[in-house]
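*Asks:* Following this message is one structure expressed as structure tokens.
Derivation of every value follows stated rules applied to the coordinates shown; laboratory data play no part. Since the structure is predicted, the reported quantities are computational estimates derived from the model, not experimental observations. FYI the Cβ positions are ideal-geometry reconstructions off the backbone, even for glycines, and counts take in every protein chain you see.
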Amino acid sequence: MFELLSRTLRYVFIVLIYYFLYNFLKIMIADLRGEKSQPKETGFILLDENGNKYTLFDINTLGRAEDADIIIDDPFISSKHALIFKRGSKLLIQDLHSTNGTFLNNKKITRPLRLKENDEITLGTKKFKFLRGETVGAEDRSYLQ
Amino acid sequence: MEPRTEAIYNKNIAITALVGILAALLLAFREGVFSPVPIYGSLIFIVIMFVGHFLTNHLFPKQDPALFILCCFICQLGLVMLYRIDPESAAKQLIWFGIGCLLYFISSFVCRTWIEIKVGPFIFFLVTFVLLASPLIFGVERYGSKSWISFGNFLFQPSELAKITFSLFLADTLKEHKIEDSIKFFGQIFVVLGLLAFARDLGGAMLFYFAALIIIFAATSRLDLTVLGLIGAVVAGLLGYQFFGHVRVRTKAWLNPWEDVPGKGYQIVQSLFAIAEGGFFGTGLGLGRPDYIPAVTTDFIFSAFFEEFGFLGASALIVVYFLLIYRGIKISLTIENSFLCLSALGITVFFGIQIFTIIGGVIKLIPMTGVTLPFMSYGGSSMVMSFISLGILNGIIMRALGGEADG
């Protein structure tokens, strides 16, 4: 009697254990998806000549298109002009085969290049400065004084 | 917490309770006549689990409830196995489970309110040193290593507590992501390892060594140190093989247990037989022969579980452990403060290596070392300390999420 019960119940146990696992895996997958869909700030910004700030996330597209992450309205800029992305702890810039090219410190870039603080990025006629978020914050405060 | 996630968590609590009740009902009929003892045990377990889950959720809305549910589930399976092997130790283990839950609650609370301890790494090292040195002076020898302190009937292993202080020590030293005074730092680590080796707790020494290696790599991302460390591990292994008799015995038993089945290879051979007997679905609860395996309640509980729940059950258990480690790593990734991040990682890494070492040992993947399987093996200090470590992890995540608003 006990033997029969035990033999039957073992399948029940396994089903229960796997159901438990399935529930947790569901939560885990939801977690991982949620993390992906929420872009993280990198702490760096782009500053254009007029003093506009653009916060940089893990992946940013720059261009004229409305679905670009950073929209720049300039006739010399392609709709998807360049890409700034994070690899490890570094930010890299890549040209997306734009018509007029992307320039880093006045040199045309052909492959992804690492961005350093105070680098100058030129897209079309517009110039951007690559800065750490905090340094700009400090400057802002100095304006107020 | 989102209502949907909360519903899933509640469902999993219910599954844990259901597994317990079904197993208890089954075991109540084992002797042919009905005996209600396992049912009482399972009811006590359920009460502790429900109170623990809902009370902590109510008091700490920012906590990670998954940690508590996962370890309750593992404890539940462990208790079922223990009751089936030896009802008396299951009753003791149930008491330890209760104490563990209480300490989980307390350590979560203390960690949430603790303003980062500003004592510096040296104090953590000193505490670790004292903890590991104390059994050498006051300790008693059990299972071939002098790493136990006895209080009357109760045996306590201070190295379990030293795991926590050691990870705090590493985290505090490496919080700037570089090694400042390398001679002092490595000297301190080798003193700790030396104490463990001196107590002939080589499994423990291995655990501490690899945990230190992983944390140093995570903190400094230096590949050269990791490679050196791995070479060092090989050299240490060879030296251990030369100078420690029981390392040689264990390694030989691992390489070819069939050479000396009734003697040195006995444990591992019985464990392998049990695993083979289990097959895919297991023999069914209460139908295996765990009494053939030596030290089945402590080191070899995984083989007993494997025999009765089969390959499917045992691999699911490994995934549950993996989920626990995943939660720990996720917690340490969400934290900005590098001291807390590395502490969380250290605690998780200790769990991870310990689980790998013992499960790998009983299935003959690596040589057998006598460490406990957290939450499942019989043993008070292991159970209590595992709960405290998880409580610290929980406190760290509450600090990170709750921030300064309510902390």
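*Asks:* If amide hydrogens are placed 1.01 Å from N in the peptide plane, which non-local residues have theirs closer than 5 Å to the one on B:Thr283?
*Replies:* B:Glu308, B:Phe309, B:Gly310
*Asks:* By counting other Cβ atoms within 10 Å of each Cβ, how are A:Tyr22, B:Tyr378, B:Tyr241 ranked from fewest to most? Present the calculation step by step, with values, prior to reporting the outcome.
*Replies:* Details: A:Tyr22 11, B:Tyr378 25, B:Tyr241 15.
Fewest-to-most ranking of A:Tyr22, B:Tyr378, B:Tyr241: A:Tyr22, B:Tyr241, B:Tyr378.
*Asks:* Here is a further query. Build a GNM of chain A with springs between Cα atoms under 10 Å: which of A:Leu115, A:Leu32, A:Leu96 gets the top mean-square fluctuation?
*Replies:* A:Leu32
*Asks:* Assuming 0.36 nm per residue, please report the length gained on full extension of the stretch B:Leu59 to B:Thr220 beyond their Cα-Cα distance. It would help to have the intermediate numbers written out before the result.
*Replies:* Numbers: separation 161, 0.36 × 161 = 57.96 nm, distance 3.67 nm.
Here the segment from B:Leu59 to B:Thr220 would lengthen by 54.3 nm.
*Asks:* Return the average number of partner chain Cβ atoms within 10 angstrom of each residue Cβ along peptide B:283-289.
*Replies:* Numbers: counts 4, 11, 7, 5, 5, 1, 0.
Mean number of neighbouring Cβ atoms from other chains: 5.
*Asks:* Please report Rg (one decimal) and Dmax (integer) in Å for the Cα set of chain B.
*Replies:* Computed over the Cα atoms of chain B, radius of gyration and Dmax are 21.2, 68 Å.
*Asks:* Got a sec? Which residues in the range B:380-395 would a label at B:Val51 touch, if it sits 7 Å along Cα→Cβ and we count backbone N under 19 Å?
*Replies:* It comes to B:384, B:387-388, B:391, nothing else.
*Asks:* Let me ask something else about it. So what's the Cα pair-distance distribution over the range B:291-379, bin width 5 Å, in %?
*Replies:* The percentages, shortest bin first, are 3, 14, 21, 22, 16, 10, 7, 4, 2, 0, 0.
*Asks:* Between A:Glu66 and B:Ile329, take the C-beta separation as r, use R0 = 41 Å, and let me know the FRET efficiency to the nearest 0.05. Could the numbers behind the result be given before it?
*Replies:* Numbers: r = 38 Å, r/R0 = 0.94.
According to the calculation, E is roughly 0.60.
*Asks:* Continuing with the same structure: Under 15 Å Cα-Cα from B:Lys146, which aspartates and glutamates qualify once same-chain neighbours fewer than 8 residues away are excluded?
*Replies:* B:Glu160, B:Asp201
*Asks:* Then there's this: Give me the dipole magnitude in Debye, nearest 20, for chain B about the Cα centre, with unit charges on the beta carbon: positive for Lys and Arg, negative for Asp and Glu. Could you put the intermediate results ahead of the total?
*Replies:* Values: 25 positive and 25 negative charges, 52 e Å.
Charge dipole, chain B, about its Cα centre: 240 debye, nearest 20.
*Asks:* Quick check: Cα centre of the range B:55-105 to Cα centre of the range B:294-329, how many Å?
*Replies:* The two parts, judged by their Cα centres, are 16 Å apart.
*Asks:* Moving on to the next point. Take the alpha carbon atoms of the range A:1-74, find their center, do the same for the range A:94-119, and report the distance between the two centers in whole angstrom.
*Replies:* Each part reduced to its Cα centre gives a spacing of 30 Å.
*Asks:* Between B:Ile95 and B:Leu155, what length in nm is gained on full extension when 0.36 nm per residue of separation is reduced by their alpha carbon distance? Intermediate values should be presented prior to the final figure.
*Replies:* Numbers: separation 60, 0.36 × 60 = 21.60 nm, distance 1.51 nm.
That works out to 20.1 nm of additional length.
*Asks:* Which residue, A:Leu46, A:Leu113, A:Leu123, tops the fluctuation ranking in a GNM of chain A built on C-alpha contacts under 10 Å?
*Replies:* A:Leu113
*Asks:* Another question, if that's okay. Extending each Cα 7 Å along its Cβ direction at B:Leu365 and B:Asp291, get the distance between those two points in nm, one decimal.
*Replies:* 3.2
*Asks:* To make sure I understand the rule: partners must be lysines, Cα under 21 Å from the Cα of B:Lys252, and not fewer than 8 residues away in the same chain. Which ones qualify?
*Replies:* Cross-link targets: B:Lys264, B:Lys364.
*Asks:* Separate question: Within a 10 angstrom radius of the beta carbon, how do B:Tyr83, A:Tyr11 rank from fewest other beta carbons to most? Kindly include the intermediate steps, with their values, before the conclusion.
*Replies:* Working: B:Tyr83 25, A:Tyr11 14.
Ranked by crowding around the Cβ, least crowded first: A:Tyr11, B:Tyr83.
*Asks:* Per residue of A:1-12, how many C-beta atoms from partner chains lie within 10 Å of its own C-beta, taken as a mean?
*Replies:* Numbers: counts 2, 11, 4, 1, 7, 13, 6, 2, 7, 12, 5, 4.
Across A:1-12, the average partner-chain Cβ count within 10 Å equals 6.
*Asks:* Take chain A, connect every pair of alpha-carbon atoms lying under 10 Å apart with a spring to form a Gaussian network, then pick out the residue of A:Gly124, A:Gly51, A:Gly63 with the largest mean-square fluctuation.
*Replies:* Judging by the Gaussian network model, the answer is A:Gly51.
*Asks:* I've got another one for you. Given R₀ = 30 Å, what would the calculated FRET efficiency be for B:Ser35 paired with B:Asn10, taking r from the Cβ atoms and rounding to 0.05?
*Replies:* 0.45
*Asks:* When a footprinting reagent is the concern and you count Cβ atoms within 10 Å, what order do A:Arg111, A:Arg132, A:Arg10 take, fewest first?
*Replies:* Values: A:Arg111 7, A:Arg132 14, A:Arg10 22.
Final ranking by Cβ density, sparse to dense: A:Arg111, A:Arg132, A:Arg10.
*Asks:* Considering every Cα-Cα pair within the range A:55-95, what fraction, in whole percent, is farther apart than 11 Å?
*Replies:* Details: 481 of 820 pairs.
Percent of Cα pairs beyond 11 Å in the range A:55-95: 59.
*Asks:* Per residue of A:22-32, how many C-beta atoms from partner chains lie within 10 Å of its own C-beta, taken as a mean? Don't jump to the answer; show the numbers that get you there.
*Replies:* Details: counts 2, 7, 13, 3, 3, 8, 5, 0, 4, 5, 2.
Whole-number average of other-chain Cβ neighbours for A:22-32 is 5.
*Asks:* Next question. Checking the a/c ratio against 1.5 first, then a/b against b/c, what shape does the Cα gyration tensor give for chain A? List each step's numbers first, then the result.
*Replies:* On the way: a/c = 3.99, a/b = 2.69, b/c = 1.48.
Prolate.
*Asks:* Moving on. Calculated FRET efficiency, A:Asn118 and B:Ser338, Cβ-Cβ r, R0 25 Å, to nearest 0.05? Working shown, then result.
*Replies:* On the way: r = 26 Å, r/R0 = 1.04.
For R0 = 25 Å, the calculated efficiency reads 0.45.
*Asks:* Going down the list B:Lys11/B:Lys330; A:Lys26/B:Lys62; A:Lys40/A:Lys108; B:Lys62/B:Lys184, which pairs span over 32 Å between their C-alpha atoms? Before the final figure, lay out the partial values.
*Replies:* Working: B:Lys11/B:Lys330 22 Å; A:Lys26/B:Lys62 20 Å; A:Lys40/A:Lys108 28 Å; B:Lys62/B:Lys184 39 Å.
B:Lys62/B:Lys184, as the Cα separations exceed 32 Å there.
*Asks:* Using label points projected 7 Å from each Cα along Cα→Cβ, tell me how many nm separate B:Glu259 and A:Leu5, to one decimal.
*Replies:* Modelled inter-label distance: 4.7 nm.
*Asks:* Which number do you get for Rg(Cα) / (2.2 N^0.38 Å) in the range B:1-123? Show your work: numbers first, answer last.
*Replies:* Details: Rg = 17.2 Å, N = 123, 2.2 N^0.38 = 13.7 Å.
Expressed relative to 2.2 N^0.38 Å, the Cα Rg reads 1.26.
*Asks:* Then there is this: Return the calculated 222 nm mean residue ellipticity for chain B, to the nearest 500 deg cm²/dmol, obtained by summing -39500 (n - 2.57) across DSSP H runs with n ≥ 4 and dividing by the residue count.
*Replies:* Working: 14 runs with 298 residues, N = 407.
Roughly -25500 deg cm²/dmol at 222 nm, from the helical runs in chain B.
*Asks:* Another question, then. Report, in deg cm²/dmol and to the nearest 500, the calculated mean residue ellipticity at 222 nm for chain A, where each DSSP H run with n ≥ 4 adds -39500 (n - 2.57) and the sum is divided by the residue count. Intermediate results must be reported in sequence, preceding the final value.
*Replies:* On the way: 2 runs with 48 residues, N = 145.
The helix-only estimate for chain A comes to -11500 deg cm²/dmol at 222 nm.
*Asks:* Then there is this: Would you mind computing the Rg to Rh ratio of the protein assembly as shown from its alpha-carbon coordinates, Kirkwood style for Rh? List each step's numbers first, then the result.
*Replies:* On the way: Rg = 27.6 Å, Rh = 26.4 Å.
My calculation puts Rg/Rh at 1.05.
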